[in-house]
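I have placed the structure first, in the form of structure tokens, so that the comments after it can refer back to it.
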Amino acid sequence: YSPYPLRRGSMVASASLRRISFICQRPLLQLTCCLSSTTAGVRHNMIDLGKQNLIGVNIDAVDYEGAVARIIQAAQNGTRCTTTALAVHGVMTGALDACHRHRLNALDLVVPDGMPVRWGLNLLHRTKLPDRVYGPNLMLKTCEAAAANGLPIFLFGSDQATLEQLSSNLKRKY
């Protein structure tokens, strides 16, 4: 039991047992995003600067490529990589509640989902992150990488019809 359930639209991923699992709490069927690691023909360097403390909550200073690389590596190794995309509300909840902070800090990968979180990392730790890591886009990029590496994914949550449609859309896309 958690007094702080996942917020609507949140995404938690867990890489273990050589598969990637996603908890889906709302339909992610109409999302569009750029899945390429290039913009205007320029390849971006992966950023993964490890955990940085923001008012007691440890946030990983990563970009999309760094986060996906960590999730895929864990799945390939059959090791755990519990992941969440944390916006400012989650950071503040963790800062104000020691039990919730402990849960957040026990996760393997906490990505900066939210511009204020990115700004905090850049200001306090000089991480130079160019963008936030938006949870739904991270899920799609992880699915793309999983398909490219022959790794299965497991979807759960929401309702059966939504999961079937999401599964169908992901299979068609990747």
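The values are calculated or read from the model by the stated rules, or taken from the named source; none is laboratory data. Keep in mind that this is a model prediction, so the values were computed, not measured. Cβ sites come from the backbone with ideal geometry, for glycine too, and all protein chains shown count toward neighbours. Note: accessible area is taken over every heavy atom of the protein model, side chains too, but ligands, DNA and RNA are not part of it. Shrake-Rupley method; radii C 1.70, N 1.55, O 1.52, S 1.80 Å.
Excluding ASP48 itself, calculate the net charge of residues whose Cβ lies under 11 Å from the Cβ of ASP48, where each Lys or Arg counts +1 and each Asp or Glu counts -1. Spell out each step's value before the answer.
Details: positive: LYS51, ARG70; negative: ASP60, ASP63, GLU65.
Residues close to ASP48 contribute a combined charge of -1.
Contour minus end-to-end for CYS99 and LYS51, with contour as 0.36 nm per residue of separation and end-to-end as the Cα-Cα distance?
Working: separation 48, 0.36 × 48 = 17.28 nm, distance 1.89 nm.
In short, 15.4 nm is gained.
Could you state the accessible area per residue of region 85-174 in Å², with a 1.4 Å probe and every protein chain left in place? If you can, show how the numbers build up before the last one.
On the way: 4640 Å² over 90 residues.
The answer is 52 Å² per residue.
LYS128 to PHE154: FRET efficiency via 1/(1 + (r/R0)^6), r the Cβ-Cβ distance, R0 22 Å, to the nearest 0.05?
Details: r = 35 Å, r/R0 = 1.57.
Step by step, r from the Cβ atoms, then E = 0.05.
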Problem set entry | Cβ-derived FRET efficiency at R0 22 Å, GLU164 paired with GLU144, nearest 0.05 | 0.65
For this session: Determine, for each peptide in 93-106, 73-86, 52-65, the mean count of other beta carbons within 10 angstrom over its residues, then list the peptides with the highest first.
Result: 52-65, 73-86, 93-106
Problem set entry | Cross-link partners of LYS171 among lysines (Cα-Cα below 16 Å; sequence separation of 8 or more within a chain) | LYS141
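Arrange the peptides 127-134, 158-165 so that the one whose residues have, on average, the most other Cβ atoms within 10 Å appears first. It would help to have the intermediate numbers written out before the result.
Numbers: 127-134: 18.1, 158-165: 12.4.
Highest-to-lowest ranking by the protection proxy: 127-134, 158-165.
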Problem set entry | Ranked by how many other beta carbons lie within 10 Å on average, peptides 107-118, 139-150 from highest | 107-118, 139-150
